[in-house]
Amino acid sequence: MKFNFKEIEAKWQEYWAKHGTFRASNDSEKEKFYVLDMFPYPSGSGLHVGHPLGYIASDIYARYKRHKGFNVLHPMGYDSFGLPAEQYAIQTGQHPAITTETNIKRYREQLDKLGFSFDWSREVRTSDPKYYKWTQWIFIQLFNSWYNLNSDKAEDITDLIGLFEEEGNANVKASCNDDTPLFSATDWAAFSPKEKQEMLLKYRLTYLADTEVNWCPALGTVLANDEVVNGVSERGGHPVIRKKMTQWSMRITAYAQRLLDGLEKIDWPQPLKDSQTNWIGRSEGASVKFKVLESTFDNSRNLEPRTFIEVFTTRPDTIFGATFMTLAPEHELVSKITTPEQKAEVEAYVEATAKRSERDRMADVKSITGAFTGAFAEHPFTKETIPVWIGDYVLAGYGTGAVMSVPCGDQRDYDFAKHFGIPIPNIFEGVDISEEAFANKEKTIIANSDFLNGLSYKEATKKIIAELEKIGAGKGKVNYRLRDAVFSRQRYWGEPFPVYYDAEGMPQILGEEHLPLELPEVEKYLPTETGEPPLGNATDWAWDIGTNRVVGNDLIDNKTVFPLELNTMPGWAGSSQYFNRYMDPHNDDAIFSREAVNYWQDVDLYIGGSEHATGHLLYSRFWQKFMFDKGWVPADEYAKKLINQGMITGTSAFVFREEGTVNVVSKGLIQEKKVTPIHADVSLVNSSDELDIDAFKKWQPEYEEAKFILEEGKYIVGREVEKMSKSKYNVVNPDEICEEYGADSLRLYEMFLGPLEQSKPWNTAGITGVHSFLKKMWRLYHSGTEGTFSVSDSEPSKENLKTLHKTIKKVEEDIENFSFNTSVSTFMICVNELSAQKCTSREILEPLAILVSPYAPHIAEELWQGLGHTQTISYASFPKFEAKYITESSKEYPISFNGKMRFTLELPLDMAKEEIEKTVMAHERTQQQLQGRTPKKVIVVPGKIVNIVG
RNA sequence: GCUCGAGUGGUGGAAUUGGUAGACACGUUGGACUUAAAAUCCAAUGGCCAUUAUGGCCGUGCGGGUUCAAGUCCCGCCUCGAGUACCA
């Protein structure tokens, strides 16, 4: 029988599907193990060879764990809401659901060809109403919760209402909006229902508020901070501006500290933890209030008599160096405190900064701009008057949007002061500040600062905070960079909010029993003419509270029929709890049953890309913590271990077009010429970088008449490693690889390419190595020219056993350490040795098949069946490593020398002696040479010590 | 700028706690089998110098250091990649 991988792979894939081989039971005596992949967005271009890398790794681990006797949950699904399907809909009018369905079908076909052991019976799709019912449900739960800082967890909103009724909000410590006023129980009782709702919105974990958002005009939607990269949208690279809008937000800031603390107990890659830590951006310092001097403004500008500017600073110890204050141009006090004389200048400046996009502001960090408001504030200790400026180096979005400027201690303040001629007094001992500010905390000794003189940064900070608290001008404060996450998107293809707006325009939540609220049909997927989101095009998008049904907009009467929310949820909504839904995916009564979550608990291994570090991987931790607070999940971190697989990059090919002509020049001949590199499809180039010119002309007819300037009769292309993408013509399709070499070869090769976590360029040429390994292994089990299946029952030789057990040991260690690349080498060595030994023994070949099966499951199944087994190999136990075959003729010798040298050798006695003597003599020789004496003789005593005789 | 990670043959990459650097594979060269090709198998393959040899010297980005012994540890640089960016 020939090694016909195509037949074999088709046969086993069908077998697994038919028998539900990889179905995981929620009710098993076995220990559970949950291996999770990040589910893909089913894009129209299908999979390329880079996509399955993580899936192959997780599949190997999942199959390995099954061999080890675990009940393994290894599910897969689709993150199927998203922008591309919607944009395609805008262009073609085709409903995104249809595009999505087509793409999913193609994804599934491609995935199936690779022989993954997914439990497809648990598939989820975020765009399926049965699934997003529960995304909407979580939204409702968040809406009905607030964060109690006293108990440090999310609690029911009705408890908060109870507190308000009893004693107002003075003693309530909660994570809430900054503008929340104080009120008493009597005030609360006097509030209208609308006022009560407005107040509660300031406390809810998801709330509707006027917030400064990242608005992308080109995409016509707001974006979350993690979707904005360098001032442009992550998708498409369109400019983004800041804008105030009424939007749903998620109060993730309530969990800032717990999100930081949680990082310590999970085994995630350090770089990823670092980037989450930076993103949350905890900094310790103080908030200080500066009184705005009343003499500097007149009451006609309706400023309350006592107005304060509150600032956050990490250097309260330098407060005596503060010579001015700077507000962000957007700061709400700017218009109120500006004097009539300065009004024109300030307004012009505010307008100018508003026009500049975030990106411009960032691009030009160097130029210093600002304006004086004409107002003055009072220093809380010296009582000196200090001028209040505005400047765009102060960001409205961070801290309070205002700073106390200490030019001697902060470079930006220094530059600003220098530029506008503001004095720069020195408050540091023994430091020269004539050229630049001094910002070294460790070396700080405070001077010219009244009661802080002579103190270090630490001492001074402690003391000044105590003083600030004493005089009521400030307090110690921890500030986070993390902002609440905007949760509204002006898109069609996303989860609708289960929200309608009552006669007073207040948001009202649908009852849980009416979920899912399904997406309405629309004529057009673009915003309406009045600028409303696409759902504004729906004619049936109103809620009847009498019948609890969606009805036509024409019925809106603001008595029983109300308009529904027009925004939809962002992409990350659907992916923030999907891992728990897999535990019980078909449950219509609950997001998952208590039994299911108690059995599966959490994810043991999560594999996916690091690009989600500050998006999905942060939001999902947030939701998990919320679910934990409510007692619905047993763990407040959902993934014990996470691995970031590296990206597989493409190797693009280039032809060089001579400027002004259509002629193209071979790579070696371009030296002096002016050429433009042009992408050539990689499939037109062979492994020695030679271009198939005819095929190229056929592919790009504009070069039909072009002259190809060759070197040594060949056209050699240029090469460059780039991201794999359609537009770069460097995409390698896994289907083609499977067709030519088989899925097992592809799986082995992707692992063999290098360490899982490293990014590496794809090069199809090397795959012949692993492919011929599979053929060699096949031949171990077959004999004669006909290749008939034949293994012997003869006793294996010691050599055979040694080879096998060496392999078992190494492969097991490799899988446990996720060093899948080296175990492929180990397999090759093993098969090479066994064929040299002419090993045909069943006792060796049976365990070998199991050993290889996580990597190359199809061939392993076929061989396993050939060995006479009827059951599938997945249930066979992983072979046990037996040390006796390796160390039989060897012994271990721990050696110490001078109490310093210590090593262990795993060698036969005489060889070990020789080795040790050599090493020790080398040491001795050097020593003796230095001292002019002859070396001593070294005697090695098996067991412990090296004796020097001399 | 800051934070993190990485630099090893022509290429991808191996190398327990510091212990024979370059495993395994690709590529290249030579050979066997073939009318030929493919496939398969065998041999060589870090550089330099020797070749009478089971020979010598140099080699893990650069410069120092610790050690009997450094790709691995320490100090100072260089280069590349990732994240982040006026965060007070």
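The values are calculated or read from the model by the stated rules, or taken from the named source; none is laboratory data. Everything numeric here is computed off the predicted structure, so don't read it as measured data. All Cβ positions, even for glycine, are placed from backbone atoms using ideal geometry, and neighbour counts span all protein chains on display.
Values computed for the structure shown
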read-out: A:Phe116 vs. criteria outside any helix (DSSP H, G or I) and touching a Gly at 6+ places or on another chain (Cβ under 7 Å); value: no
read-out: Set A:Asn587, A:Asn580: member being more than 25 Å from A:Ile90 (Cβ to Cβ) and either part of a helix (DSSP H, G or I) or among the basic types (Lys, Arg) (or both); value: A:Asn580
read-out: Test result for A:Ser145, among the hydroxyl-bearing types (Ser, Thr, Tyr), surrounded by 15 or more Cβ atoms within 10 Å (Cβ to Cβ) and modelled with pLDDT under 95; value: no
read-out: Test: residue in the range A:291-311 that is surrounded by fewer than 23 Cβ atoms within 10 Å (Cβ to Cβ), aliphatic (A, V, I, L, M), out of contact with any strand residue (DSSP E or B) (no Cβ under 7 Å at 6 or more places or on another chain) and at pLDDT below 85; value: yes
read-out: Candidate set: the range A:248-276, residues that are of a type in the set (S, T, N, Q) and at pLDDT 90 or above; chosen: the one nearest to A:Thr568 (Cα to Cα); value: A:Ser249
read-out: Of residues in the range A:597-611 being part of a helix (DSSP H, G or I), in contact with a helix residue (DSSP H, G or I) (Cβ under 9 Å, 6 or more places away or on another chain) and in contact (Cβ under 8 Å) with a residue 40 or more places away in the chain, the one surrounded by the fewest Cβ atoms within 10 Å (Cβ to Cβ); value: A:Ser610
read-out: Subset of the range A:836-863 (residues that are within 28 Å of A:Ile56 (Cα to Cα) and polar (S, T, N, Q)); value: A:Ser853
read-out: Residue in the range A:93-103 that is crowded, with 20+ Cβ neighbours inside 10 Å and outside any helix (DSSP H, G or I) present; value: no
read-out: Residue among A:Thr803, A:Thr826, A:Thr822 that alone is free of Cβ contacts under 8 Å to residues at least 60 places away in the same chain, within 16 Å of RNA strand B (Cβ to nearest atom) and surrounded by fewer than 18 Cβ atoms within 10 Å (Cβ to Cβ); value: A:Thr822
read-out: Criterion (modelled with pLDDT under 90, within 27 Å of A:Thr253 (Cβ to Cβ) and within 12 Å of RNA strand B (Cβ to nearest atom)) met by exactly one of A:Gly397, A:Gly409, A:Gly472; value: A:Gly397
read-out: Qualifying positions in the range A:794-849 - closer than 30 Å to A:Leu605 by Cα and touching a Cys at 6+ places or on another chain (Cβ under 6 Å); value: A:Thr807
read-out: Test: residue in the range A:724-742 that is within 9 Å of RNA strand B (Cβ to nearest atom) and surrounded by fewer than 20 Cβ atoms within 10 Å (Cβ to Cβ); value: no
read-out: Count - residues of the range A:810-819 that are within 10 Å of RNA strand B (Cβ to nearest atom) and either buried (at least 18 other Cβ atoms within 10 Å of the Cβ) or not in a helix (DSSP H, G or I) (or both); value: 4
read-out: Single unsatisfied condition, A:Ala209 versus (1) of a type in the set (Gly, Ala, Ser); (2) closer than 21 Å to A:Ser488 by Cβ; (3) outside any strand (DSSP E or B); value: (3)
read-out: Conditions (1) of a type outside the set (Gly, Ala, Ser); (2) closer than 21 Å to A:Gly531 by Cα; (3) within 16 Å of RNA strand B (Cβ to nearest atom): number failed by A:Trp248; value: (3)
read-out: Filter result for A:Ser287 (outside any loop (DSSP other than H, G, I, E, B), more than 9 Å from RNA strand B (Cβ to nearest atom) and at pLDDT below 90); value: no
read-out: Subset of the range A:233-259 that is among the small types (Gly, Ala, Ser) and more than 28 Å from A:Val350 (Cα to Cα) - its residue that is surrounded by the fewest Cβ atoms within 10 Å (Cβ to Cβ); value: A:Gly236
read-out: Single residue of A:Ile252, A:Ile241 found to be in contact with a helix residue (DSSP H, G or I) (Cβ under 7 Å, 6 or more places away or on another chain) and closer than 30 Å to A:Tyr147 by Cα; value: A:Ile252
read-out: Single condition A:Glu565 does not satisfy, out of (1) at pLDDT below 95; (2) under 26 Å from A:Ala590 (Cα atoms); value: (1)
read-out: Qualifying residues in the range A:612-659 (those that are assigned to a loop (DSSP other than H, G, I, E, B) and within 16 Å of RNA strand B (Cβ to nearest atom)) - the one surrounded by the most Cβ atoms within 10 Å (Cβ to Cβ); value: A:Gln645
read-out: Every residue from the range A:743-776 that is in a helix (DSSP H, G or I), under 13 Å from A:Val49 (Cα atoms) and within 13 Å of RNA strand B (Cβ to nearest atom); value: A:Ser745, A:Leu748, A:Tyr749, A:Glu750, A:Met751, A:Thr764, A:Ile767
read-out: Residue within the range A:705-722 that is away from RNA strand B (no atom under 15 Å from the Cβ), under 30 Å from A:Leu114 (Cβ atoms), surrounded by fewer than 17 Cβ atoms within 10 Å (Cβ to Cβ) and not acidic (Asp, Glu) present; value: no
read-out: Close pairs from the range A:763-780: first under 16 Å from A:His858 (Cα atoms), partner within 6 Å of RNA strand B (Cβ to nearest atom) and part of a helix (DSSP H, G or I), Cβ under 7 Å, at least 6 apart; value: A:Phe773/A:Met828
read-out: Single condition A:Trp864 does not satisfy, out of (1) surrounded by fewer than 19 Cβ atoms within 10 Å (Cβ to Cβ); (2) in a helix (DSSP H, G or I); (3) of a type in the set (Phe, Trp, Tyr); value: (1)
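A quick yes/no check of all residues on (1) over 30 Å from A:Thr253 (Cβ atoms); (2) touching a Phe, Trp or Tyr at 6+ places or on another chain (Cβ under 9 Å); (3) part of a loop (DSSP other than H, G, I, E, B); (4) in contact (Cβ under 8 Å) with a residue 24 or more places away in the chain:
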{"residue": "A:Tyr492", "(1), (2), (3), (4)": "no, yes, yes, yes"}
{"residue": "A:Pro516", "(1), (2), (3), (4)": "no, yes, yes, yes"}
{"residue": "A:Pro520", "(1), (2), (3), (4)": "yes, yes, yes, yes"}
{"residue": "A:Glu523", "(1), (2), (3), (4)": "yes, no, yes, no"}
{"residue": "A:Glu532", "(1), (2), (3), (4)": "no, no, yes, yes"}
{"residue": "A:Trp543", "(1), (2), (3), (4)": "yes, yes, no, yes"}
{"residue": "A:Val550", "(1), (2), (3), (4)": "yes, yes, no, yes"}
